[in-house]
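To keep things clear, I will list the structure first and then write my remarks on it.
FYI, it's all coordinate maths here, none of it is from the lab. This is a predicted model, so every value here is computed, not measured. Virtual Cβ from ideal backbone geometry, glycine too; neighbours counted across all protein chains shown.
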Ligand code: DC
């Protein structure tokens, strides 16, 4: 599928241009701003404050959003069956959309829909974070802007044509306020992607901008076709195949998504590797497991472990996961075909850190629902401080445990810096998070994460005391 991302601040002309380009290429146009506007509309209609994260997150559970296109390719948004499209361009909706779009929980829901849609359609998307966050691998990326004066002027004319009179200075101040909001929010703020083409439309007519973008698309397609030969995807770019834009629905894209967990692994390769590697590890890093009975106390659950050296990705796995390994690893490690094949074959699940990676979440949840043990490093990355001090935990472990209603098992690995010396893997008591099973808002996950971190600290103290006592005895 071909995806064209057009990002930029409010009033830069993105939607006009995106629509025209989509029409020219026969693609679908997805107005992502309208999705945030529709969410804000739904909140306002239900008397929910668009800045109240807790209330919005409760409301989101009832938000059933569907996007449809009519015969001439116009987008219509349906919220719980109601076509809300005509309400979305009201002036007060702009600020409300900007506010609600800053809530991470809202973004995750919208971004998931947008990605699924882009996977199944040739699409031109306009927004704030498409090239940087929603589709970092989009085929074409543009960052379109204009001075705030020019953007306010365009808006002024547009309203005037509709018979509405607005004070120019107020319009300009609103636009600047929105620019600030959109580019300073925590998750996926408005910014130009490094590989996006910058287009300043201040002094350009609509036709000029369309021509400019159209030319860049053609140029890039040409270049790729000549350098990469007869690749199917590039041919489709040159031919600019006409995709029907008739009445497609975003929910249909959702239905098509491959949300099944990957093909069940037999783990034969893992067992084979384990037999091969275990004796070496045993010799180089002899490790004593303390409280193995705690590991056996739980069937399925989220195992958390500190991670400060390469062996501690291997030792806890190989020592404890005898038949199957389910562990999360950073996606970068899967970048090469060999790395990918190897890690996938032993059972590692790739995660794109720093973004909502729904494919990874689905895989982990499938493991937990099957009542298996899954291991994650809660600090999110290697922490070279060792057992001394752990970095602030990410919320992933708590979220998985709460959503699957499974316990957390904390483990702490202590590695002697010299080879052939004894190391320890201390297993703590399982942590049950029942009190958070109804968690709805990020604050609940934050509290659960703090609880896990404090329990892990207790394990750390116990481990240190254990190691000290043995060292003193010697
Ligand atoms: O493009 P627009 O004015 O219709 O967008 C309304 C608001 O939605 C905008 O102020 C910021 C937000 N938005 C976003 O955060 N991410 C997008 N991809 C699109 C819009």
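Computed on the stretch 264-473, with alpha-carbon pairs under 8 angstrom and 6+ residues apart, the relative contact order is 27 percent.
A Förster distance of 25 Å, applied to the separation of the beta-carbon atoms of residue 322 and residue 437, puts the FRET efficiency at 0.25.
Remark: spin-label model distance residue 89-residue 16 equals 1.2 nm, labels positioned 7 Å along the Cα→Cβ axis.
Residue separation of residue 165 and residue 371 scaled by 0.36 nm, minus their Cα-Cα distance, works out to 68.0 nm of gained length.
As a footprinting exposure proxy, order 364, 84, 302 by other Cβ within 10 Å, with the fewest listed first.
Going from sparsest to densest Cβ surroundings: 84, 364, 302.
Within the stretch 73-115, what residues put their amide N at less than 18 Å from the label point 7 Å along the Cα-to-Cβ vector of residue 177? The answer is 89-103.
If you average the sequence gap of Cα pairs under 8 Å that are 6 or more apart and divide by the length of the stretch 408-474, what percent do you get for the contact order? Provide the component values of the computation, followed by the final result.
On the way: 57 pairs, mean separation 22.6, N = 67.
Worked out over the stretch 408-474, it gives 34 percent.
Between the stretch 398-474 and the stretch 1-35, the C-alpha centres lie 47 angstrom from each other.
One way to sum up the overall shape of the stretch 264-473 is the equivalent ellipsoid from its Cα gyration tensor, whose semi-axes run 25, 23, 16 Å, largest first. Listed from fewest to most Cβ neighbours within 10 Å, the set 130, 197 follows the order 197, 130. Listed by Cβ neighbour count within 10 Å, with the fewest neighbours leading, 444, 66 appear as 66, 444. In vacuo Debye scattering of the stretch 3-255, one point per C-alpha: log10 I(q)/I(0) at q = 0.10, 0.11, 0.15 Å⁻¹? Scattering profile of the stretch 3-255, log10 relative to I(0): -0.48, -0.58, -1.11. Compared with the dominant Cα axis of the chain, that is its longest principal axis, helix 32-45 is turned about 90°. Per residue, the average separation of C-alpha pairs within less than 8 Å and at least 6 apart gives the chain a relative contact order of 16 percent.
Helix 148-161 and the longest principal axis of the C-alpha atoms of the chain enclose an angle of approximately 50°. Kirkwood analysis of the chain, using all unique Cα-Cα pairs, places the hydrodynamic radius at 25.1 Å. Estimated from helices alone, the mean residue ellipticity of the chain at 222 nm is -15500 deg cm²/dmol (sum of -39500 (n - 2.57) over DSSP H runs with n ≥ 4, per residue). Principal-axis analysis of the Cα atoms of the chain puts helix 168-184 at an angle of about 20° to the longest axis. Between rounded, prolate and oblate, where does the stretch 297-396 land on the alpha carbon gyration tensor, with a ≥ b ≥ c its root eigenvalues, rounded for a/c under 1.5, else prolate if a/b exceeds b/c? Rounded is the answer for the stretch 297-396, as its axis ratio a/c remains below 1.5.
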